[in-house]
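The values are calculated or read from the model by the stated rules, or taken from the named source; none is laboratory data. Computed from a predicted model, the values in this text were never measured in an experiment. Note that each Cβ is placed from the backbone with ideal geometry, even for glycine, and that neighbours are counted across all protein chains shown. Remember, those area values only see protein heavy atoms, side chains included, never the ligands or the DNA or RNA. Shrake-Rupley method; radii C 1.70, N 1.55, O 1.52, S 1.80 Å.
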Amino acid sequence: MCGIVGYVGKRDCSEVLLDALSKLEYRGYDSAGIAIHTDGEIKTCKAKGRLANLEEKLRLSGGIKGHCGIGHTRWATHGEPSDINSHPHGNATVTIVHNGIIENYKAIKTRLEGKGYVFQSQTDTETVAKLLDYYYKGDPIEAIRRTESKIEGSYALGIIFKDFPNTIFALRKDSPLIAAVGEDECFIASDVPAILNYTKNYYLLEAGELAILKDGKVSFKNLDGEDITKEMLVADWDMESAMKGNYEHFMLKEIHEQPNSITTTITPRIVDGMPNLEECGMTEELLRNYKNIFVVACGTAMHAGLVGKYVIEKIGRIPVTVDVASEFRYRNPILTKGDLVILVSQSGETADTLEALRLSKRNGASTLAIVNVKGSSIAREADFVLYTHAGPEIAVASTKAYMVQLAVMYLFAFELAHAKGTLSTEECKRLTGELCNIPNLVESILKQKDNCQYVASQLVNSENLLYIGRGLDYALSMEGSLKLKEISYIHSESYAAGELKHGTISLVTELMPVIAVATQRELFDKTVSNVKEVKARGAKTFVVTHSYINVDSDVADYKIGIPTTDDLLMPMLAVVPLQLIAYYTSVLRGNDVDKPRNLAKSVTVE
Ligand code: AGP
C-alpha cells in the first residue's frame, strides 16, 4: 500500500527513482511523484494516475537533474487521487514521502494552522512534512526525533532536507522499509524488487529505527539518537523473477510459475517421504499438544486457511477456526495457552493480520506464520515461521502465493495428523507422495488453457455469477469468486451448494451463470443435484471436475476436466482453471489485469 523509494549516488536520480517506482507500482497506482535535490533546492514533480503520467510530465518539463531524491507511488487513503494529494509533500526546507496512516493528523494540523501553516492537500502526510519544518532548526535528526514523538499511526518515511543535498533520512514504524547499499550508492524502498536492478544487499528497518544514507553508506540510529548496527541481508530473489518476461501480464506469469513454486516450497520439507517442519521449530510433540487451531488472514490468504481447516479437521481431528483478521482482532477471541494461531500472508505486512498476531501473542497462544516475504513483520514477530517460496508476487491478484500457502497447509496437516496418530505413517507417506506429484498435474492443466478461454468468453458479458461447491470445493469456490471479481469487476458470490435453496437461488435466472466445483467424489452426486436445480432455473452451468467423470448435458453446459489426485488435494488442481477463467475474463473485458481498480497489493492499513 503505497510504494516509497529513495536514491543517493552518482546515477541520474530521476531515472533510478522512476525505475524503482515501476517495480513498486503494484503497491498503489493512483498517482506518483518524485522530489530531487537540484541546484541548491528541492524540485518536485507529481502526477495523478499511473507512473506513465509522471514520466510524461517530467519529459514535457525537461525533467529534474540530480543525484539525491525520493519518490512515491500512491494508494489514496486521505484525499482523492490528484496532483495536489500526490506525494512528495513538503516545502523549500524539507520534503517527504510516506507510506502508512497518521492517525492524529487532524490534531497536528489544527495546531500547526494555529502557528500560521497553510495546508494545500487533504493528506495526513502533509502534517508530517509541516511538523518536520516546524521542528527543524538546523539539526535534521533532532527534527525527525521530535516529529516522531508527536505522530501516531503507521509509517515509513523518506525525508530530504534542502540543507543536506546528499543525504536521505528514513524512518520506520509498522509500514515496511528497507535501506540498500550498492557501489557508492544507497537506496530506500518499501520492498526488495525496487532495488534488484542495482544491488541485492539491504537492511530491514525495524520500528523506531532511523537510517541515514550518505556517501554510499547507510548508518542507523535509534530514537534516542544512539548509533546502532544492523545485519545486512542479501536478497534471494533475482531481477528476472520480478519481471514479466514474455508473458502479457504478471498474473499469467505467476500462474505458470506455480509448479516450480510448489516444488521449491515442499522439497526441503520432505524427509524420507514424510513431512518434516522441524526447520521452524515445530516438533511433533508441540503439534500433538495443541488444543485449538485458529487460522487468521485476509482475502486469498484467508481462503487458503479455509482449505486448511477442512484438511486439518478431517485428518487431524482438531478444531480449526478460520477468521478474517479484521474481525478476529475486534471480537475478543477466546484464546488460551495451548492454542495455536496460524497467520497466513503473502506480504507478511498486512496490517490486520499483523495485529491479530500481536493479539494472539498477548493472549498466550503460540503463533505460526506462513509467509512469503522474508524478514517481513509477521515473519519476524511470530513464534514459528514457515516461508512459502513463491518468489516475488507482483500481480495484485494472488495466485502462486495461494498455491504455496495450500502446499504448506497440507504439509502441516499431514505432520500434525501423523503426530497425533490420526494418520498412519503409510497414509502420511502416500498423501505426501501425492503432494509431490501436484506440480506435474498443474503443469498438465496449464497446457489446456482453451477450455478456460472458452468459459471466459461465455462469462464476459455477465453482470453476476455464482460459484458453488461442497466441502473443500466450497472453500475453493470462495477463492475462485474473489479472483473473478477483483480483476473482471463482475459481481460474483460463492455459495455452499446445499445452502442455495435457502434463499439465494431466487437470484438464479438465465442471466446468472453458475460455476460448480465438484471434485469431492463422496459429495459429487449431491453437488450434481444442486447444479440441476440451478440449471432448471435457466442458469448456464460450468462444472469443474475430474476429467474421467462424465457429466450429463442436463447438468453441465460445459465441463472443465482436470486430472485426478487424492480428493483432499484436489483444490491445488481445481484452483488453476478458476484462476485462468478470472484472468481471461479480465483480459476480454479490457481491464488492467495486474493493477485492478481501487486495489493495492500489500494492505498495510486497517
Ligand atoms: C488476493 O488476490 C488479494 N489481492 C488479497 O485478497 C490478498 O490476498 C490479501 O490482501 C492478503 O494479503 P497478504 O497475503 O499479503 O496478507
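For the reader, a short list of remarks on this structure follows.
- With every protein chain in place, region 213-365: carbon and sulfur % of accessible area (1.4 Å): 49 percent
- For Val544, the residues whose modelled amide H falls within less than 5 Å of its own, excluding neighbours fewer than 5 places apart on the same chain, are Ala516, Val517, Ala518, Ile560.
- Heavy-atom accessible area ranking, 1.4 Å probe, most first, across Cys428, Cys436: Cys436, Cys428
- Relative contact order, whole percent, for the chain stands at 12, derived from Cα pairs under 8 Å and 6 or more residues apart.
- Counting only protein heavy atoms and using a 1.4 Å probe, the accessible area of Glu463 comes to about 140 Å².
- Rel. contact order, % - alpha carbon contacts under 8 angstrom, at least six apart, region 3-242: 20 percent
- Accessible surface of region 448-591 [probe 1.4 Å, protein heavy atoms]: carbon and sulfur percent: 47 percent
- Dipole moment magnitude, nearest 20 debye, region 480-545 about Cα centre, only Lys, Arg, Asp, Glu C-beta charged: 120 debye
- Approximate spin-label separation Ser547-Lys485, in nm, with each point projected 7 Å along Cα-to-Cβ: 3.3 nm
- Mean Kyte hydropathy of 1.6 or more with a Cα span along the axis of at least 27 Å, helices from DSSP in the chain: none
- FRET efficiency for the Leu507 to Glu606 pair, using the beta carbon distance and R₀ = 41 Å, is estimated at 0.80.
- Asp227 exposes around 120 Å² of accessible area when a 1.4 Å probe is run over every protein chain in place.
- Computed from the C-beta positions of Thr283 and Asp12, the FRET efficiency with R₀ = 60 Å rounds to 0.65.
- Per residue value of the accessible surface for the chain (all protein chains in place, 1.4 Å probe), Å²: 37 Å²
- When the convex hull of its Cα atoms is viewed from all sides, region 1-143 shows a mean projected area of 8.4 nm².
- Its Cα gyration tensor gives the chain an equivalent ellipsoid, and the semi-axes of that ellipsoid, as √(5λ) in whole Å with the largest first, are 45, 27, 22.
- Note: region 244-445, Cα convex hull, 107 Å³ per residue.
- Annotation: lysines with alpha-carbon distance below 22 angstrom to Lys221 (same-chain offsets under eight excluded): Lys137, Lys150, Lys162, Lys173, Lys230.
- Per-selection Kirkwood Rh - region 3-242 (Cα, Å, 1 d.p.): 17.4 Å
- Computed from backbone phi with θ = phi - 60° and the Karplus coefficients 6.51, -1.76 and 1.60, the 3J(HN,Hα) list for region 594-606 is 7, 10, x, 4, 6, 9, 8, 6, 10, 9, 9, 10, 7 Hz; x is used for glycine and proline.
- If the chain linking Arg358 and Asp450 were pulled fully straight, counting 0.36 nm for each residue of separation and taking away their Cα-Cα distance, it would gain 28.6 nm.
- Only protein heavy atoms count here; under a 1.4 Å probe, Lys46 has an accessible surface of about 40 Å².
- Extending 7 Å from Cα along the Cβ direction at Lys532 and again at Asp19 yields two label points whose distance is 6.3 nm.
- FRET efficiency for Glu240 and Ile141, using Cβ-Cβ distance with R0 set to 51 Å, rounded to 0.05: 0.85
- Note on Lys559: aspartates and glutamates with a C-alpha under 13 Å away, same-chain residues under 8 apart excluded, are Asp450.
- Protection proxy ranking, peptides 561-571, 170-180, average beta carbon neighbours within 10 Å, highest first: 170-180, 561-571
- Within region 244-445, percent of DSSP bridges classed antiparallel, to nearest 5: 10 percent
- Violating pairs (Cα-Cα greater than 20 angstrom) within the set Lys400/Lys485; Lys57/Lys106; Lys43/Lys217; Lys23/Lys253; Lys400/Lys447; Lys309/Lys447: Lys57/Lys106; Lys43/Lys217; Lys309/Lys447
- Potential lengthening of the chain between Asp83 and Ile228 amounts to 48.4 nm, from the contour at 0.36 nm per residue minus the alpha-carbon distance.
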